[in-house]
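The values are calculated or read from the model by the stated rules, or taken from the named source; none is laboratory data. These figures come from a predicted structure and were not determined experimentally. Virtual Cβ from ideal backbone geometry, glycine too; neighbours counted across all protein chains shown. The protein model used for the area step is the full one, side chains on, heavy atoms only, and it has no ligands, DNA or RNA in it. Shrake-Rupley method; radii C 1.70, N 1.55, O 1.52, S 1.80 Å.
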Amino acid sequence: MAALLLLQDICKSYYLGEEEQPVLRNINLTVAAGEFLAVLGPSGSGKTTLMNIIGCLDVPTCGHYVLDGISVDTLNEKEMAKVRNRKIGFVFQNFQLLPRLTALGNVELPLVYSGLKTVERRARATAVLEQVGLGEKLRSYPNQLSGGQQQRVAIARAMVTNPAIILADEPTGALDQTTGQQIMELFGELNQAGSTIIMITHNREVAKVAGRTVRILDGELIEGGEARARRNYRYVRRQYRP
Ligand SMILES: Nc1ncnc2c1ncn2[C@@H]1O[C@H](COP(=O)(O)OP(=O)(O)O)[C@@H](O)[C@H]1O
Ligand SMILES: [Mg+2]
């Protein structure tokens with residue numbers, strides 16, 4: 001099993017004056033390409049902090065992070081931004097769509113710096129919106145769409161660049177139960193079609209759709225991944241050193 005993502009002894013602390021406030025403690029985790037992983041934990045347990053590190057939005061205080069063969073912990077800010085744009089597709093609880101752009105405009109946006117021509121960008125964005133069931137809503141603005149439809153647009157936007165990983169932080173948190181369920185089914189379909197997904201949630205039911213669940217409690221990962229992460233670490237370093 002080739003590891004797509006490897007976290008080794010990752011920790012993150014904030015400092016309140018001199019006082020250290022540990023938020024993540026020695027996190028070890030391996031995720032293979034094609035996996036659908038749920039990270040389940042209560043509010044305040046460190047889920048978003050972990051997602052920000054995995055998503056190259058934040059750096060750990062210590063530990064190693066290898067993403068798709070790249071040692072993220074050795075990168076500077078600019079290189080990290082590049083890895084983030086190329087490798088990660090984000091989905092948030094509150095969709096975070098741009099209100100002045102149509103569904104199509106929102107999904108096309110991540111492709112602006114891709115070098116694709118306008119026509120190609122439009123075709124790619126349209127295809128992904130069709131894949132998430134919004135082929136009829138290309139010209140709709142976010143405020144003309146339901147919450148579930150807006151989240152579908154956000155998922156299309158996350159997928160349009162063909163990222164190595166889709167990272168979703170509480171993606172059903174703002175949706176009613178039925179709509180949330182439909183969104184989870186969509187993630188399941190995307191995973192079946194080959195997408196690697198890491199989904200963060202505090203909801204046990206939501207986590208059930210995933211192929212594997214790890215739990216985070218008070219900054220510690222308390223289930224799964226650890227022994228495997230250690231074993232794969234050297235292997236990954238050897239295989240993928242950039
Ligand atoms: N920038 C920050 N400065 C200080 N403490 C923070 C910061 N960000 C998060 N925390 C603390 O880290 C802990 C975990 O937060 P978070 O990762 O957002 O948890 P979750 O997403 O599981 O609710 C919380 O106790 C929070 O107060
Ligand atoms: Mg959170």
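Values computed for the structure shown
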| quantity | calculated |
| --- | --- |
| HN-Hα J in Hz across region 210-220 - Karplus 6.51, -1.76, 1.60, θ = phi - 60°, x for Gly and Pro | 6, x, 8, 10, 10, 10, 10, 9, 6, x, 10 |
| Long-range HN-HN contacts of Ala32 with modeled amide H, under 5 Å | Leu4 |
| Net lengthening on full extension, Lys82/Ala123 (0.36 nm per residue, minus Cα-Cα) | 12.4 nm |
| With eigenvalues of the C-alpha gyration tensor scaled by 5 and rooted, the chain, Å | 30, 20, 17 |
| Gain in span if fully extended, Ser146 to Arg25, counting 0.36 nm per residue against the direct Cα distance | 39.7 nm |
| Rounded, prolate or oblate (a/c below 1.5 giving rounded, otherwise prolate when a/b exceeds b/c) for region 70-213 by Cα gyration tensor | oblate |
| Cα gyration tensor, region 1-141 - rounded (a/c under 1.5), prolate or oblate | prolate |
| Total lysine pairs whose alpha carbons fall under 24 Å of each other in region 3-240 (8 or more apart, or interchain) | 11 |
| In Hz, Karplus ³J(HN,Hα) per residue of region 52-61 (6.51, -1.76, 1.60; θ = phi - 60°; x = Gly, Pro) | 5, 6, 4, x, 6, 9, 8, 10, x, 6 |
| Residue-by-residue Karplus 3J(HN,Hα) for region 136-149, coefficients 6.51, -1.76, 1.60, Hz, glycine and proline x | 8, 10, 4, 9, 7, 8, x, 6, 9, 10, 6, x, x, 5 |
| Sequence of Leu116, Leu175 from largest to smallest accessible area, 1.4 Å probe | Leu116, Leu175 |
| Accessible surface of the chain [probe 1.4 Å, protein heavy atoms]: carbon and sulfur percent | 46 percent |
| Interchain or long-range residues, amide H under 5 Å from Gly89's placed H | Ile165, Ile166, Leu167 |
| Neighbour count of at most 15 Cβ within 10 Å plus DSSP loop: longest trypsin sites (Lys or Arg not before Pro)-free window in the chain | 1-99 |
| Computed [θ] at 222 nm, deg cm²/dmol, the chain (DSSP H ≥ 4; -39,500 (n - 2.57); rounded to nearest 500) | -11000 deg cm²/dmol |
| Signed unit charges on C-beta, dipole axis of region 3-240, positive-most listed residue Gly147, Ser71, Thr126 | Thr126 |
